[in-house]
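Just below is one structure, and these are the notes that go with it.
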Amino acid sequence: MDLVPKRAAESATEMVQVVLPNDANPLGFILGGTVMHLIDIAGAIACHRHTRTLLVTAAVDGLEFLHPIKVGDLIILKSRVTCVFTTSLEVRVEVYSEETLTGRRQQTSRAFLTFVAIDRDGNRVKAAHLRRAERLRRKSQV
Ligand SMILES: CC(C)(COP(=O)(O)OP(=O)(O)OC[C@H]1O[C@@H](n2cnc3c(N)ncnc32)[C@H](O)[C@@H]1OP(=O)(O)O)[C@@H](O)C(=O)NCCC(=O)NCCS
């Protein structure tokens, strides 16, 4: 794991895509589940950029849908790491809609997610660090 301190601005991420009919409910608004999917991805990208590790989503807190986003509008997701713990980190994701013809933008959702770093075997990175320390300790005794 890259342990060099990193500023949140370095991993901050912005995703933009157009809302297509396939993403929408019968009212012509984007599905909540699609927004949740995009929030997960936007949060994960910022956390991957921050840690350069494999990660799993552990929790999603405070998800709110403030306004609908209609087909043809842009959906913009801004994610930013807000706190780093031992093997986990918190990221804030804010979602905006933008009308393509007017540029009118408004915030439609926000959420805080927690991701946990894991290794390729699915173990938490903390455990890998302990094994590495033990390995190096044994080597130093040879
Ligand atoms: C997330 C997961 C790795 C945590 O495993 P665990 O054995 O409960 O982890 P631990 O109790 O050792 O905690 C490890 C870290 O995760 C954090 N954590 C665990 N559960 C959490 C939760 N529900 N919310 C926030 N943080 C959580 C702990 O605070 C700890 O953080 P720290 O090391 O920075 O202090 C495990 O529950 C898991 O694999 N869940 C499934 C993840 C998944 O499939 N996600 C969807 C697809 S990516």
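The values are calculated or read from the model by the stated rules, or taken from the named source; none is laboratory data. Computed from a predicted structure; not experimentally measured. Positions of Cβ are backbone-derived with ideal geometry, glycine not excepted, and every protein chain shown enters the neighbour counts. These area figures cover heavy atoms from the full protein model, side chains too; ligands, DNA and RNA do not enter into them. Shrake-Rupley method; radii C 1.70, N 1.55, O 1.52, S 1.80 Å.
Brief remarks follow.
- Extreme residue, farthest from Phe29 (Cα to Cα), among residues of the stretch 64-87 that are surrounded by 19 or more Cβ atoms within 10 Å (Cβ to Cβ) and within 16 Å of the ligand (Cβ to nearest atom): Thr87
- Inter-residue pairs, beta-carbon under 9 Å, first closer than 18 Å to Ile39 by Cβ and in the stretch 67-91, second aromatic (Phe, Trp, Tyr) and within 9 Å of the ligand (Cβ to nearest atom), 6+ apart: Ser88/Phe115; Leu89/Phe115; Glu90/Phe115; Val91/Phe115
- Residues of the stretch 50-63 that turn out to be within 24 Å of Pro5 (Cα to Cα), assigned to a strand (DSSP E or B) and more than 9 Å from the ligand (Cβ to nearest atom), as a count: 1
- When Thr114 is tested against (1) more than 24 Å from Asn22 (Cβ to Cβ); (2) of a type in the set (Val, Ile, Thr); (3) open to solvent by less than 10 Å² (accessible area, probe 1.4 Å), only condition (3) is not met.
- Remark: Ala111 matches the filter, which requires a residue to be under 18 Å from the mean Cα position of the chain (by Cα) and over 22 Å from Val125 (Cβ atoms).
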